[in-house]
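Just below is one structure, and these are the notes that go with it.
What follows is calculated from the coordinates using simple rules that are stated; it is not laboratory data. Worth saying up front: this structure is predicted, and the values here are computed from it rather than measured. Reconstructed Cβ throughout: ideal geometry from the backbone, glycine too, with neighbour counts over all protein chains shown.
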Amino acid sequence: MTPDQLADLHAKAFSATRAWSSDEFARLLSQKGTQVCGDTRCFVMVRTIADEAEILTLATDPAHRRQGLAHQMLHQAETISVQIGATKIFLEVAEDNTAARGLYAKSGYVQVGRRPGYYLPKDGAPIAALVHRKDLTAT
């Protein structure tokens, strides 16, 4: 996927918050260890450094939600991370994002931290980020 495609899908998926720009995606893609799994319906961007991977973002077009795409892309990102050498993977999710929290719990992620006021919605009060971790040796 191109940075423009990533930014377009990210804007659809995160309409209530600030979506990432094409330039931001281009910068992330230029960093060693950064991979994208997916297509114009759903993608996961993951960065692996040494034995740790981090899901930088997961975006699903609202028209394609609840079809298992995010679960598939998450699994692909985990597999790629293991191939690169990761033994654990982290992510952050907005405390009020119950759908994503359900996906991550179903996928074996466990909450290991909380960052108050991390996400800034366009309209409303800041929202905490919940930090999750998964051991990839079982993936």
At 0.36 nm per residue, minus the direct Cα-Cα distance, what do Q111 and A125 gain on full extension? Give it in nm, one decimal, please.
2.8 nm
In whole angstrom, how long is each semi-axis of the equivalent ellipsoid of the stretch 79-121, when you take the square root of 5 times every eigenvalue of its Cα gyration tensor and sort them from largest down?
23, 13, 9
Among G38, A7, G68, whose Cα sits farthest toward the positive end of the charge dipole of the stretch 1-86 (+1 at Cβ of Lys/Arg, -1 at Cβ of Asp/Glu, about the Cα centre)?
G68
Protection-proxy order for peptides 34-46, 66-78, each taking the mean of Cβ atoms within 10 Å per residue, highest first
34-46, 66-78
Ratio for the chain, C-alpha Rg to 2.2 N^0.38 Å, reads 0.99
Of the listed pairs K12/K106; K106/K134; K12/K32, which have alpha-carbon separations greater than 20 Å here?
K12/K106; K12/K32
In terms of the Cα gyration tensor, with a ≥ b ≥ c the square roots of its eigenvalues, is the stretch 60-139 rounded because a/c is under 1.5, prolate because a/b exceeds b/c, or oblate?
oblate
In straight Cα distance, which aspartates and glutamates are under 17 Å from K122, not counting same-chain residues fewer than 8 positions off?
E95, D96
Pick from L28, L120, L56: which is most flexible by mean-square fluctuation in a GNM of the chain where alpha carbon atoms under 10 Å apart are linked?
L120
Scan around L56 for amide H atoms under 5 Å from its own, H built in the peptide plane at 1.01 Å from N, and keep only partners 5 or more places away or cross-chain.
M45, V46, R47
Just how large is the dipole of the stretch 15-124 about the Cα centre, in debye to the nearest 20, putting +1 at every Lys and Arg Cβ and -1 at every Asp and Glu Cβ?
140
Scalar couplings 3J(HN,Hα) for the stretch 55-67 by Karplus 6.51 cos²θ - 1.76 cosθ + 1.60 (θ = phi - 60°), nearest whole Hz, x for Gly and Pro, are 6, 7, 6, 9, 10, 10, 4, x, 6, 10, 6, 6, 10
